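Below is one structure, written out as structure tokens, with a few remarks after it.
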Amino acid sequence: FRPTHGFIVAITGVESIGKGLIRDGTGFVTFPVKYQCVVFRPFKGEILEAVVTMVNKMGFFAEAGPVQIFVSNHLIPDDMEIQKESEVRLKIIGTRVDATEIFCIGTIKDDFLGVISDPGSTS
């Protein structure tokens, strides 16, 4: 994982494997490897499907794979009820990348966004 590039989903090809370097005092060996891969990195304006993990008085948190997304109450339609484990379709309106994770802000206050499935429904 390199936050600026995204989360590695799959390695699609190995271009080269360099000479191993023994790590002092451990017995481990490090190899420089050049490879091609598929990555997941959400961007502003992208539409994602996510699962709600927590609802509080400020809004809700959801996860789309390894990415955590917060949706504020101001970005949820007034007539929409959200509960934990609901599946939602949302739009990313901002991202923050730090050393270990990608965190996003989303909205469901737009056409064709909102709850896809509700854990309380029988269908």
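The values are calculated or read from the model by the stated rules, or taken from the named source; none is laboratory data. Owing to the predicted nature of the structure, the values given are computational and were not obtained by experimental measurement. Cβ coordinates were reconstructed from backbone atoms using ideal geometry, including for glycine residues, and neighbour counts include every protein chain displayed.
If you take the residues of the range 85-123 that are at pLDDT below 85 and aliphatic (A, V, I, L, M), which of them is farthest from ALA64 (Cα to Cα)?
Looking at residues that are at pLDDT below 85 and aliphatic (A, V, I, L, M), I get ALA99.
What is the number of the single condition among (1) loosely packed, with under 15 Cβ neighbours inside 10 Å; (2) out of contact with any Cys (no Cβ under 6 Å at 6 or more places or on another chain) that ILE8 does not meet?
Of (1) loosely packed, with under 15 Cβ neighbours inside 10 Å; (2) out of contact with any Cys (no Cβ under 6 Å at 6 or more places or on another chain), only one is false for ILE8: (2).
Looking at the range 24-115, what strands (runs of 3 or more DSSP E) fall wholly within it and have at least 1 residues that are surrounded by 12 or more Cβ atoms within 10 Å (Cβ to Cβ) and without any contact (Cβ under 8 Å) to a residue 24 or more places away in the chain? Before you say what the answer is, go through the steps one by one.
Details: elements: 33-40, 47-56, 59-64, 67-72, 87-97, 102-107.
Filter on the range 24-115 gives 59-64.
Out of the range 16-47, which residues are farther than 30 Å from ILE69 by Cα and aliphatic (A, V, I, L, M)? Even if it seems obvious, please write down each step before you answer.
First, pick out the residues of the range 16-47 that are farther than 30 Å from ILE69 by Cα: 16-34.
Once the filter is applied, which keeps residues that are farther than 30 Å from ILE69 by Cα and aliphatic (A, V, I, L, M), the range 16-47 yields ILE17, LEU21, ILE22, VAL29, VAL33.
Please verify whether LYS34 is outside the structural domain of GLY94 (by the TED database), touching a strand residue (DSSP E or B) at 6+ places or on another chain (Cβ under 7 Å) and of a type in the set (Lys, Arg), treating the condition exactly as stated. Walk me through how you get there before you give the answer.
Numbers: outside the structural domain of GLY94 (by the TED database): yes; touching a strand residue (DSSP E or B) at 6+ places or on another chain (Cβ under 7 Å): yes; of a type in the set (Lys, Arg): yes.
Yes.
Yes/no matrix, rows are residues, columns are (1) under 15 Å from GLU63 (Cβ atoms); (2) among the charged types (D, E, K, R):
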| position | (1), (2) |
| --- | --- |
| GLU81 | no, yes |
| GLU85 | yes, yes |
| ILE93 | no, no |
| VAL97 | no, no |
| GLU101 | yes, yes |
| ILE105 | yes, no |
| ASP110 | no, yes |
